[in-house]
């Protein structure tokens, strides 16, 4: 069996078991999200996945409902659009938990390049012609770029980390990324 097939099976099994642990946390977070800012606590957004296929990615909403009334924007440090609850769930990465559904559906993996929004992909391609190279494998909830800078990386830096992962993907590298992800969750490093 190839590495990617085994990785898919492991991701699927781990996702199903993770639902038991993550569902109560998500429900509690949803209550706090709605108490602070009314509206749907689950945020659905179009992203670009493997081979450029678009899919709807799920997250817990960390911003106010009208956060993008003036058009799409890249999140910045101390972003005024992020709620108080949003700051916490972003720092602890709880906002990413609903992406377990994307993994079960086969749209994502636990580890891989973070999926970007189509608007940003089109923008980045204007000055980074090989930005789509990161679409060679399924996107992930976490990845080499996320544990080596996360939100603070430029698109060019992110691409370099993603290409490194694609060229060197292995169970050893995945294990290292998982360990670093746990550290990121507990330290809040790289969150916005």
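Could you put 43, 127, 165 in order, starting from the residue whose Cβ has the fewest other Cβ atoms within 10 Å?
Placing the least packed residue first, the sequence is 127, 43, 165.
Take every pair of alpha-carbon atoms less than 8 Å apart whose residues are at least six positions apart; their mean separation over the length of the stretch 3-187 yields a relative contact order of 21 percent. Between residue 179 and residue 125, the FRET efficiency estimated from the beta carbon spacing at R0 = 25 angstrom works out to 0.15.
Just one of (1) 0.94; (2) 0.99; (3) 1.15 is Cα Rg over 2.2 N^0.38 Å calculated from these coordinates, so which is it? Entry (2). At what distance in angstrom do the alpha carbon centres of the stretch 86-162 and the stretch 9-72 lie from each other? Centre-to-centre distance over Cα atoms comes out at 14 Å. For residue 42 and residue 167, a Förster radius of 30 Å and the Cβ-Cβ distance give a FRET efficiency of 0.30, rounded to the nearest 0.05.
Residues 55, 186, 110, ranked from the fewest to the most other C-beta atoms within 10 Å, line up as 186, 55, 110.
Computed over the chain, the per-residue total of -39500 (n - 2.57) for DSSP H runs of n ≥ 4 gives a 222 nm mean residue ellipticity of -14500 deg cm²/dmol, rounded to 500. In nm, to one decimal, how far is the modelled label at residue 80 from the one at residue 3, with both set 7 Å along Cα→Cβ? Roughly 4.6 nm, to one decimal. The label-point distance for residue 31 and residue 10, in a model that sets each label 7 Å from Cα toward Cβ, rounds to 3.6 nm.
Since every read-out is calculated from the coordinates, none of them should be taken as a lab result. Only a predicted model underlies this, so the values are computations on that prediction, with no experimental measurement involved. Cβ atoms come from the backbone with ideal geometry, glycine included; neighbour counts cover every protein chain shown.
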